[in-house]
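Reviewing the structure listed below.
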Amino acid sequence: MRFLPSRCASKRAAIGLCLGVAALASLSCVQPFLVANFDTTYLPRTKRFALAPIANYTTEPEGVTAGVAIREAIYFELSRRQDQYTVEIQDIALTDQRLRAAGVSDSIGARLPGPELAHLLGVDAVMRGSVTRYKKKGAGGQIVTAVLFGFASGSEVKADVAIYDGMDGRMIWQHNIEKAGGMFTSPDALRNSVGRTVAKKFPYKKPKP
């Protein structure tokens, strides 16, 4: 089981609707998966949280850059909302420092089992992810964009991010990212499109007063 049932009438209709709204298009209306006993088991015992590097499972080298950009966008939005969460968001610079100190490359770290990775990073839960599709669509006048940001403005990217418990290694939350259009043409657009979406759906939220 990867996701909770979609609320969209059909994926084809959802794609058409989303693409018609704007150039920064979300190709999915699927809700994130959340383990059933999250509130009773995983929320109380998780105090420290880290974002691991995102693996590139595509054949395109730009998938690495996409993973880095997505991770930084998510971290930016989570860290600026720190007071809204029950967990401490570990600085990704500290996470990367601990990986380097252990002699673990980004690509290997992105694939380590949850408990091993969480122990290495000194946290209770960790978000891992992977870029599963990167399709280039830009050319010509978009060359400057590609040089500056590592992407063509018409690129299509698919990725998964998931949270794993550091004790039992269970996947407790998962979110699918499917984006196309110009979201990679600037860091602000990426944070708005991906980072804020993940931050809003991040499960470790403090109860509202």
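Okay, here's what the table says:
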read-out	value
Violating pairs (Cα-Cα greater than 29 angstrom) within the set 47/200; 47/136; 135/205; 158/200; 47/201	47/136; 135/205
Built amide H within the under 5 Å cut-off of residue 170, gap 5+	165
More than 12 Å apart - percent of Cα-Cα pairs taken over segment 40-84	69 percent
Other-chain or far-sequence residues with amide H under 5 Å of residue 133's (modelled H)	158
For segment 33-123, size of Cβ-based charge dipole, Lys and Arg +1, Asp and Glu -1, in debye	300 debye
Karplus-derived 3J(HN,Hα), 6.51/-1.76/1.60, for each residue of segment 51-58, Hz, glycine and proline x	10, 6, x, 9, 6, 9, 9, 9
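Readers should treat all values here as calculations from the given coordinates under stated rules, not as data from a laboratory. Predicted model, so just to flag it, every value in this text is computed and none were measured. Because the Cβ atoms are built from the backbone with ideal geometry, glycine has one as well, and the counts that use them run over all protein chains shown.
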